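The values are calculated or read from the model by the stated rules, or taken from the named source; none is laboratory data. Quantities reported herein were computed from a predicted structural model and do not represent experimental measurements. Here the Cβ positions follow ideal geometry from the backbone for every residue, glycine too, while neighbour counts run over all protein chains shown.
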Amino acid sequence: MRYIADFHIHSRFSRATSPKLTLENINYWAQIKGVDIISVADFTHPVWFKEIKQKLEEKKPGLYQLKKTYLKQGPSNKNLPYFIFTTEISCIYSQGGKVRRIHLLIFCPNIETAEKINKKLEQKGFNLKADGRPILGISAKELLKLILNICPNCLIVPAHCWTPWYALFGSKSGFDSVEECFEEESKNIFALETGLSSDIVMNKLWSKIDQYTLISNSDAHSGQNIGREATVFDLETLSYKEIIKAIKTKKGLVYTIEFFPEEGRYHFDGHRQCNVCLHPKQSKELNNLCPKCGLPLTIGVLHRIYDLADRQEPFISKSEPSFKYAIPLIEIIAQVFGINKNAKKVQEYYFDLIKKGENEFNILLDLKENELKKISPEITPFILALRENKVEKNPGYDGVYGEIKILAKQKEKIQKKMF
């Protein structure tokens, strides 16, 4: 059976997140999006963890659901999403003469293990109250050892592994290999999270990536962004154990749902203050300096991958999990309307489509052309164009999101009809 999973989101206790990120709203938006397995998020935060203990109950081994008492009205409360215990931790430390900032995604098998992890971190003097994504003065290797000593069934995955500022391979504070970061503990790294600014194709330019499973998650800071990237499984039996097994072996992991990486905030190089966005080849010609002010550019994900790549063309084995590109449905509607995605008209149209189409992923990925036309003949050409990757790309850079425009025919005619 197919399960769509988003293992990396945040609660309202993380910095720069929506105050509406409660368990009830996470549950609600997972239903809206069509996400079957969603992270509990930020389980190291004591107040949030107290809410988790109060509001969730185990329904399958290592997987939890919201208690009926806390359900709010959603598309359907018959098939509730499952919560899995994952969280992000930030490690900031010195190694090799450089300050390293590495974000790690921690998977753990149940609420009891999560509680043990929290207690151990508190015993070591780490402040877990300050942020849902705590900053620890400990190396990535030491945190990996600490977590696995508590429970060997945990899994540690380097988060958004190419992002410049806070990632395993990041241009600003990362390493040039998994081994350089984790040393003798590298054997316990089985997967990497690609992040919004890279995709499977880009990663496959580097042969050292081949041994790792590539997963994709939303890193959502609001309910609306849940599922903007996701990982899709085909499992006969659903449990934490089977999910981890699929991630480690690549068997049962079918495909990832990907942002077009150009939409990510760090795809190209650039300097936001000067509105400068550059392809890596242009940056290198300028010695990686901003052509307007002369300050160093923020080196993006594509540039960093080119620096480490040892292939001219990506190699993707037929036995590897596949991937599909997607754009959030709300952005597609906004493009059709030609107005901002937060506009009332766009929001109303979006929720009307969700009622008719069951959930967002069903509309984006599953419904056939004749089924799409029944719920919205106006949107159908855009969904079909998206599925064929017929898009125009304006890359993101230095913290600025890129823009993806769907190249559907008869756009002006559709807009006039809708208005």
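See the values below:
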read-out	value
The lone exception for GLN273 - which of (1) outside any helix (DSSP H, G or I); (2) surrounded by fewer than 21 Cβ atoms within 10 Å (Cβ to Cβ) it fails	(1)
Among the residues listed as VAL35, VAL40, the single one being in contact with a Phe, Trp or Tyr (Cβ under 6 Å, 6 or more places away or on another chain) and either buried (at least 22 other Cβ atoms within 10 Å of the Cβ) or among the hydroxyl-bearing types (Ser, Thr, Tyr) (or both)	VAL40
Some residue of the stretch 112-124 being crowded, with 18+ Cβ neighbours inside 10 Å, of a type in the set (Val, Ile, Thr) and under 30 Å from LEU56 (Cβ atoms)	yes
Failed criterion for LEU238 (all others in (1) under 16 Å from the mean Cα position of the chain (by Cα); (2) over 26 Å from LYS98 (Cα atoms); (3) in a loop (DSSP other than H, G, I, E, B); (4) not β-branched (Val, Ile, Thr) hold)	(1)
Residue count, the stretch 241-260 (criterion: touching a residue at least 60 places away in the same chain (Cβ under 8 Å), of a type outside the set (Lys, Arg) and part of a loop (DSSP other than H, G, I, E, B))	2
Matching option when the condition is of a type in the set (Lys, Arg) and buried (at least 16 other Cβ atoms within 10 Å of the Cβ), among LYS374, LYS393, LYS341	LYS341
Total residues in the stretch 286-331, condition touching a residue at least 24 places away in the same chain (Cβ under 8 Å) and basic (Lys, Arg)	3
Residue match in the stretch 192-203 (condition: under 18 Å from HIS303 (Cα atoms), out of contact with any Ser or Thr (no Cβ under 7 Å at 6 or more places or on another chain) and part of a helix (DSSP H, G or I))	yes
Filter pass, PRO81 being of a type outside the set (Asp, Glu), in the same structural domain as PHE43 (by TED's automatic domain parsing) and touching a Pro at 6+ places or on another chain (Cβ under 9 Å)	no
Number of the condition not met by HIS303 [criteria: (1) assigned to a loop (DSSP other than H, G, I, E, B); (2) buried (at least 22 other Cβ atoms within 10 Å of the Cβ); (3) not charged (D, E, K, R)]	(1)
Single residue of SER173, SER177 found to be surrounded by fewer than 22 Cβ atoms within 10 Å (Cβ to Cβ), farther than 25 Å from ILE243 by Cα and in contact with a strand residue (DSSP E or B) (Cβ under 8 Å, 6 or more places away or on another chain)	SER173
Among (1) in contact (Cβ under 8 Å) with a residue 12 or more places away in the chain; (2) within 24 Å of the chain's Cα centre (by Cα); (3) farther than 19 Å from ILE147 by Cβ - the single one ILE102 does not satisfy	(3)
Among the candidates ALA159, ALA167, ALA140, ALA130, residue that is of a type in the set (Gly, Ala, Ser), buried (at least 19 other Cβ atoms within 10 Å of the Cβ) and within 26 Å of THR22 (Cβ to Cβ)	ALA159
Selection count, the stretch 44-77, where residues are outside any helix (DSSP H, G or I) and under 19 Å from SER239 (Cα atoms)	12
Members of the stretch 5-27 that are closer than 12 Å to GLU51 by Cβ and either of a type in the set (Val, Ile, Thr) or outside the structural domain of LYS55 (by TED's automatic domain parsing) (or both)	THR22, ILE26
Qualifying residue in the stretch 192-210 (condition: surrounded by fewer than 22 Cβ atoms within 10 Å (Cβ to Cβ), within 15 Å of the chain's Cα centre (by Cα) and in contact (Cβ under 8 Å) with a residue 12 or more places away in the chain)	yes
Subset of the stretch 19-43 [in a helix (DSSP H, G or I) and touching a Gly at 6+ places or on another chain (Cβ under 6 Å)]	ASN25, TYR28, TRP29, GLN31, LYS33
Hits in the stretch 66-76 - residues which are over 23 Å from LYS355 (Cβ atoms) and either modelled with pLDDT of 95 or more or outside the structural domain of ILE26 (by TED's automatic domain parsing) (or both)	LYS67
Residue within the stretch 246-265 that is more than 16 Å from PHE323 (Cβ to Cβ), modelled with pLDDT of 95 or more and surrounded by 24 or more Cβ atoms within 10 Å (Cβ to Cβ) present	no
Unmet requirement for LEU384, which otherwise passes all of (1) among the aliphatic types (A, V, I, L, M); (2) surrounded by 18 or more Cβ atoms within 10 Å (Cβ to Cβ); (3) within 25 Å of the chain's Cα centre (by Cα)	(2)
